[in-house]
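What follows is a single structure, written as structure tokens, with notes after it.
The values are calculated or read from the model by the stated rules, or taken from the named source; none is laboratory data. All figures in this text were calculated on a predicted structure; none of them were measured in a lab. Note that we place each Cβ from the backbone using ideal geometry, even for glycine, and neighbour counts take in every protein chain shown.
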Amino acid sequence: MSQALVEFVQGRCLALVGVSRSRGKYGNRAYRELKARGLDVMAVHPELASVDGDPCFKSLADLPRPADGLLVCVQPERVPEILRQAAAVGIRRVWLQQGAESAAAAKLAGELGLALVQGECILMYAPPVRSFHRLHRGLWRLLGRLAVAKS
């Protein structure tokens, strides 16, 4: 595991950009699952007042307390502005959920001095890792080792 990943999952208070009106979208599922794991998760959406009965904040600048990290679950074209906002409010650790990552985002994160995790699923690493995600992570490790062995 990368140092950025290890440090990210040690945080207990996260901001999450990417919740939506649709309960079935990944951002909403991640929000519920991370809260069920005991993390303090603050949802950010410019138009929603609440998500699952919890307050939703209009922007990262509106968060009521500092976040240890930021989970981003949006389309890649929206990520640069979110990274700039994170840097502006002092969030230094950012996880781009699969589907949000891009080479441009990685470059910008480096320029902004952000520790970035991308290409990984947060639910496979945020403790406590539960049954399905524990199995999924184990399979990824095995497949990764097999790919390296074949090279």
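Here are some notes:
- Pair list, Cβ under 8 Å, 6 or more apart: the range 13-24 residue closer than 14 Å to residue 63 by Cβ, other residue acidic (Asp, Glu) and surrounded by 12 or more Cβ atoms within 10 Å (Cβ to Cβ): 13/40; 13/68; 14/40; 14/68
- Number of residues in the range 50-65 that are part of a loop (DSSP other than H, G, I, E, B) and in contact with a helix residue (DSSP H, G or I) (Cβ under 8 Å, 6 or more places away or on another chain) equals 3.
- Residues considered: 14, 34. Of these, the only one that is crowded, with 22+ Cβ neighbours inside 10 Å, touching a strand residue (DSSP E or B) at 6+ places or on another chain (Cβ under 8 Å) and aliphatic (A, V, I, L, M) is 14.
- Residue satisfying condition, being in contact with an Asp or Glu (Cβ under 8 Å, 6 or more places away or on another chain) and either part of a strand (DSSP E or B) or hydrophobic (A, V, I, L, M, F, W, C) (or both), within set 30, 15, 43: 43
- Here the range 93-112 is the region considered, the condition is being surrounded by fewer than 22 Cβ atoms within 10 Å (Cβ to Cβ) and in contact with a Gly (Cβ under 7 Å, 6 or more places away or on another chain), and the residue that is modelled with the highest pLDDT is 101.
- Boolean, residue 105 is touching a residue at least 40 places away in the same chain (Cβ under 8 Å), in contact with a strand residue (DSSP E or B) (Cβ under 7 Å, 6 or more places away or on another chain), not in a strand (DSSP E or B) and not β-branched (Val, Ile, Thr): no
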